[in-house]
Amino acid sequence: MNKWQKAYLRGAYRGKSPGALYQERLGTVQDALDWIDDGDCLTWSTHGSEPKVFLEHLHTIAPRLEKGIDCWNTISRYDYPVTRDPALAGCFRHHTFFFDRWSVAARGSGLYSYFPVNQHNYGQEVRRCLPPNVFVAQVSPMDRHGYVHLSCDLIMTLEHVYRADKIIFEVNARAPMVWGESALPISMADVVYEVDEPIFQLQDPPIGEREETIAGYVSDLMRDGDCIQLGFGGIPNAIGFHLMEKHDLGIHTEQIGTAMAHLMACGAVTNRYKTIDRGITVGSFISGDHFLYDFVDQHPRLTVRRSRYTNDPYVIARNDNVVSVNASLQIDLTGQVCAESIGPYQHSGTGGATDFAWGAYHAKGGRAILAQTATTKQGTLSRIVPTLDPGAIVSVSRNLTDLVVTEYGVAKLRQRTVRQRVENLIAVAHPDFRAELRRQANQLLYF
């Protein structure tokens, strides 16, 4: 129980109006920084709820740090000195579940350490390891009931906000208000400051001919009434737009992205056949463009829940006909999936890849789809390989790999022997690599 909960139980806020409570806490970003003490453990929200102004100034406290600050984060959406400058490694120690462009560039500097865990366990494992005592979030303006809304990121935030001793709200005039577990009473905050900043715009990669072809294959694997999850990137985005002719789709996902907003807007998504959360689109974070943020604002049929719920494989499997679509960096001929490293070097993170692969695999009528182009590096490297590169991290076990889709077709791996898997994967590899894949498969005694 943190100090806010104790004060609430003592009746400390009884009789005070939301406006009075707000004014008592209203200050500046410098006031917020002054709350950070040497030796604190800090965490903040991300994606569309990233506290941009706070993070832009966080490095300025470095001169007064001797013990240093531990920081838990998932991914940074903007460029901040505190998350990319190796010179700050002695003052800030970042523990992350997901490498981004800045953590990749700072690899080996001591600024970052990687914490391997599935997304549904982020919050619980942090608490057991090194619980944060400071929580910072970008939130919506206060509503008439005295609540602000942490609308775009509940990945692991709620596990921390109710246990932190110091709570800072960056109130953004442009932040949407989304229903669900995101409503937080203004009385929780120690300091509030106001900003008027654009919400981070996630621009998906351009959709090319290969992505369109893959999206067509995946769309053919989906049926009216399916409950979908789409990952990051150009291919999932292309798939979303291919699904607009479907009917009565449901959404249970981690990321609510732009394509999903369009699917809801055009009527393809109704959620009417979901087994749980019927009638409601459910996700744990929101990241996309202006259309998305405008669409989700006060939408009556959309809610955000913590990843502990959305990504729990057992919860996912409770919905019938779950179709999960994710990507990979490499897949070997038996079906082992590497989605997060290049050889031994961390490149991104496990995220919800394992969560949704397991959940979709075990759902009644479920399908777990891995959608990827057959090659990378301008066609010079095959994503389908005889064996994963030395040191490559297995993000999804071959026992959970179900369907693999490239621009050359669909490879069925579920209920297939190793020999059958090898044949099916070679058939969807780029033609230039098939002969070599078959030769090496013979050497590995797969045939």
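What shape does the range 373-426 take by its C-alpha gyration tensor, where a ≥ b ≥ c are the square roots of the eigenvalues and a/c under 1.5 counts as rounded, a/b above b/c as prolate, and the rest as oblate? Oblate, since a/c reaches 1.5 and b/c is not below a/b.
Can you tell me what share of the DSSP beta bridges in the chain is antiparallel? A percent to the nearest 5 is fine. Walk me through the numbers on the way to the answer.
Values: 15 of 66 bridges.
Counting only bridges with both partners in the chain, antiparallel ones make up about 25 percent.
For the range 74-91, putting each phi into the Karplus relation 6.51 cos²θ - 1.76 cosθ + 1.60 with θ = phi - 60° gives couplings of 9, 7, 9, 9, 10, 8, 10, x, 5, 9, 9, 8, x, 5, 8, 4, x, 9 Hz, in residue order, rounded to whole numbers and with x for Gly and Pro.
Taking the DSSP beta bridges with both ends in the range 338-447, the antiparallel portion is around 75 percent.
Electrostatic bookkeeping for residue 198 treats Lys and Arg as +1 and Asp and Glu as -1; over the other residues with beta carbon under 13 Å from its beta carbon, the sum is -2.
Using per-residue counts of other Cβ atoms within 10 Å, averaged over each peptide, order 326-337, 190-201, 128-139 from highest down. Display every interim value, and only then the final one.
Details: 326-337: 23.4, 190-201: 17.6, 128-139: 21.5.
Output ranking for 326-337, 190-201, 128-139: 326-337, 128-139, 190-201.
A probe of 1.4 angstrom, applied to the heavy atoms of all protein chains, finds residue 244 with accessible area near 60 square angstrom. Restricting the chymotrypsin sites (Phe, Trp or Tyr not before Pro) of the range 49-124 to loop positions (DSSP other than H, G, I, E, B) with no more than 15 neighbouring Cβ atoms within 10 Å leaves 78.
Once you charge only the Cβ atoms, +1 for Lys and Arg and -1 for Asp and Glu, what is the size of the charge dipole of the chain about its Cα centre, to the nearest 20 debye?
On the way: 44 positive and 49 negative charges, 296 e Å.
Once rounded to the nearest 20, the dipole reads 1420 debye.
222 nm [θ] for the chain, helices only, -39500 (n - 2.57) per DSSP H run of 4+, per residue, to 500? Present the calculation step by step, with values, prior to reporting the outcome.
Numbers: 17 runs with 129 residues, N = 447.
The per-residue figure over the chain is -7500 deg cm²/dmol.
Note on the chain: Lys pairs 8 or more places apart or on different chains, Cα atoms under 20 Å apart, count 10.
On average, how much accessible surface per residue is there in the range 73-232, in Å², for a 1.4 Å probe, leaving out ligands, DNA and RNA?
Details: 5970 Å² over 160 residues.
Spelled out: the 1.4 Å probe surface of the range 73-232, per residue, equals 37 Å².
On the range 153-213, 49 percent of the accessible area sits on carbon and sulfur atoms, based on a 1.4 Å probe. Subtracting the Cα-Cα distance of residue 247 and residue 414 from 0.36 nm times their residue separation leaves 57.5 nm of extension gain. Each Lys or Arg adds one and each Asp or Glu takes one away; over the other residues whose Cβ falls under 12 Å from the Cβ of residue 5, this sums to +3. Residues 177, 142, ordered by accessible area of protein heavy atoms at a 1.4 angstrom probe radius and largest first, appear as 142, 177. Residue 389 contributes an accessible area of around 70 Å² to the protein surface, as traced by a 1.4 Å probe with all chains present. By the gyration tensor of its Cα atoms, with a ≥ b ≥ c the square roots of the eigenvalues, what is the shape of the range 307-364: rounded for a/c under 1.5, prolate for a/b over b/c, or oblate? Because a/c hits 1.5 or more and a/b fails to exceed b/c, the range 307-364 counts as oblate.
Positive contributions from Lys and Arg (+1) and negative ones from Asp and Glu (-1), summed over other residues with Cβ under 12 Å from the Cβ of residue 396, come out at -3. So what's the gap between the Cα centers of the range 39-75 and the range 415-431, to the nearest angstrom? The distance from the Cα centre of the range 39-75 to that of the range 415-431 comes to 47 Å. Remark: the range 323-330, residue by residue, has Karplus-estimated 3J(HN,Hα) of 10, 9, 10, 9, 10, 8, 8, 8 Hz, where x stands for each Gly or Pro and the curve is 6.51 cos²θ - 1.76 cosθ + 1.60 at θ = phi - 60°.
Kindly provide the GluC sites (Glu not before Pro) of the range 1-87 that DSSP labels as loop, not H, G, I, E or B, and whose Cβ sees at most 15 other Cβ atoms within 10 Å. Can you show the working numbers first?
Working: sites: 24, 56, 66; in loops: 66.
Sites meeting the loop and neighbour criteria: 66.
The values are calculated or read from the model by the stated rules, or taken from the named source; none is laboratory data. The shown structure was predicted, so the numbers you read here are calculated from the model rather than taken from an experiment. Virtual Cβ from ideal backbone geometry, glycine too; neighbours counted across all protein chains shown. Heavy atoms of the whole protein, side chains included, go into the accessibility calculation; ligands, DNA and RNA do not. Shrake-Rupley method; radii C 1.70, N 1.55, O 1.52, S 1.80 Å.
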